[in-house]
Amino acid sequence: MRRRKSGLSRRTFLVSSGATIITKMTNSYGQASNQEIGTTMKHEQRQHPHPTKDENPHLKKQVVYSKKIPVKYECDVLVVGGGPAGVAAALAASRQGCHVRLIEAHSCLGGMGTAGMVPAFMQFTDGKNFLAGGIGKEVLETLRKADGTVPPDGMGIRAETLKRVYDNLLTEADVVFSFYTKLIDVLTHRGSVQTAVCSGKSGLYAIKAKMYIDATGDGDLCAFAGAPFEKGDADGGMMPGTLCSLWANIDWDKVHASGLGAGGSQLERAFQDGVFTLEDRHLPGMWRVGNTLGGGNIGHTFGLDGTDEESLTKALLWGRKSLLEYERYYKEYLKGFEQMELVATGSLLGVRETRRIIGDYVLNLEDFKTRAVFEDEIGRYSYPVDIHIARPDKESYETFLREHTSFRLGTGENYGIPYRSLTPKTLNNVLVAGRCISTDRYMQSSIRVMPGCYITGQAAGVAAALASKTNLDTRSISIKELQKTLKDMGAFLPNC
């Protein structure tokens, strides 16, 4: 091939053609600082605490990495993460007239409810009011019309149907989205994210947007941008994960007739017989997701850090191995499961807790207890506090039972979610949605479930659209206009 000569240097050509030139320097601890060259802004250096040398001797090594990448896309709103919060955010922003792009690292939309095989929705209502109104209600009704819930008016999820529902909703709303696209870094300037650095099957590239929504579940975008966050309890311990599973050949009529249920009624017998490696008394159980199918939310992966790939790997290995023990338990100690067969496990580990981004307000347990009302609330919810056991022992299980039964709201009772819990400190064009919003650990365990994610995602999408259209930052938009728009969409906002 003949090389065409040009008077432009490669660097000058890339800048003039719209490419972003990024120099990436990785220090001895594997942390990156970035600089965007050829534009008028530079990426702010972020200070992170360094691990001690004893933590990993391999981190003493250092490389300097530099690469020129193109700005492949520009949009009004970039949504990072395609779980329930990301889907709701993208739909809401697009329906407000914004050009929206969504990137998802996995192979489908839906996150835990699809790839993670979580078998059922938690509550959409408080027994009286439909709290996840708007997009949450639309998703549920659309799924039911498509024969995607079991029973037809129930909460069991047919995951493949839910995938198609999400696909169709985003496609019909003109949301541009891509799978196998992972956020790996961001460039910031004076509290604003300027560029998202992505890794796709085509290589590394950048996306520029006016507004960014972190719907990653782990708060990746906010953490990369230097926003403060917390993880776990006072010692950094986080809830265990679960590798959910799909089982066939279950006789559900026999299950119900037996009175033994589909959960932990016979665990103590099984412990005495040595069935299990761990005495994990917290067994959410098996949900019916088809005529003879069961979705298993069974077993825990203890000691999990969902922001660490080695920890995730160990958890997946244990999750797959431990299902052999649960298969024996269900077949030998319960009724209706004698012929059950394992069909599949989730392609995503069920991670319940990682980062909690610190925002302008930290929603807390006292707000749950007092059924708090906020002037800037963007929704209300009511799922109980649900912090899974920290260890496989009686003491930890009793703590779970005490909290799960004590911190529970009655019929018609709910708590407010303030907009300020969606605005990360130090960032002015980023909103957070889903299980990583600004809460304490108790409230995170309540709002982390799918209906809660629809509520916060919907609000983040509308707020991002308002900010984009008015060229304002996230703290300058009209809260009254935000609330009115949400109410018009069907959000439950009785105090606005």
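Every number here is computed from the coordinates shown, using simple stated rules; none is lab data. Computed from a prediction, not measured in an experiment: that's the story for all the values here. When we count neighbours, we look across all protein chains shown, and the Cβ atoms used for this are built from the backbone with ideal geometry, even at glycine.
Which one, Thr426, Met443, Gly412, projects farthest toward the positive side of the charge dipole computed for region 352-496 from Cβ point charges (K/R +1, D/E -1)? Positive-most Cα among the choices belongs to Thr426. Remark: region 74-228 carries a charge dipole of roughly 100 debye about the Cα centre, counting +1 on each Lys and Arg Cβ and -1 on each Asp and Glu Cβ. The distance from the alpha carbon centre of region 69-130 to that of region 463-485 is 19 Å, rounded to a whole number.
Rounded to the nearest 10 degrees, the inclination of helix 394-406 to the longest alpha-carbon principal axis of the chain is 80 degrees. Using only DSSP helix segments of four residues or longer, with each worth -39500 (n - 2.57), what per-residue ellipticity at 222 nm results for the chain after dividing by its residue count and rounding to 500? The helix-only estimate for the chain comes to -9000 deg cm²/dmol at 222 nm. For region 93-103, backbone phi angles converted through the Karplus equation (6.51, -1.76, 1.60; θ = phi - 60°) give residue-by-residue couplings of 5, 5, 5, 8, x, 8, 7, 10, 10, 10, 10 Hz, Gly and Pro being listed as x. Rounded to the nearest 10 degrees, the angle from helix 479-489 to the longest Cα principal axis of the chain is 50 degrees. Available extension along the chain between Ala146 and Thr470 is 112.8 nm, counting 0.36 nm per residue and deducting the alpha carbon span. Taking all Cα pairs closer than 8 Å and separated by 6 or more residues, the relative contact order of the chain comes to 20 percent. Panel order for Tyr212, Tyr330, by other beta carbons found within 10 Å of each beta carbon, from fewest to most: Tyr330, Tyr212. Each of Tyr381, Ile357, Ser347 was placed along the dipole of region 344-386 (beta-carbon charges, centred on the mean Cα), and the one lying farthest toward the positive end is Ser347.
Counting every other Cβ atom within 10 Å of each residue's Cβ, Tyr415, Tyr333 order from fewest to most as Tyr333, Tyr415. Between Leu260 and Glu366, the distance separating the two model label sites (each 7 Å from Cα on the Cα→Cβ line) works out to 4.9 nm. Applying both filters, DSSP loop and at most 15 other Cβ atoms within 10 Å, to the trypsin sites (Lys or Arg not before Pro) of region 119-152 gives Lys128.
Taking the longest Cα principal axis of the chain as reference, the axis of helix 309-333 is set at about 20 degrees.
Sorting Met239, Met489 from the fewest to the most surrounding beta carbons within 10 angstrom yields Met489, Met239.
Take the Cα of Lys484, step 7 Å toward its Cβ, do the same at Glu74, and the gap between the two points is 3.1 nm. Within the shell defined by Cβ-Cβ distances under 10 Å, the residues around Ile417 carry a net charge of -1, with Lys and Arg each +1 and Asp and Glu each -1. Each Lys and Arg adds +1 at its Cβ and each Asp and Glu adds -1 at its Cβ; summed about the Cα centre, the chain shows a dipole of about 2360 debye.
Rg ratio for the chain: its Cα radius of gyration over 2.2 N^0.38 Å, N being its residue count, equals 1.01.
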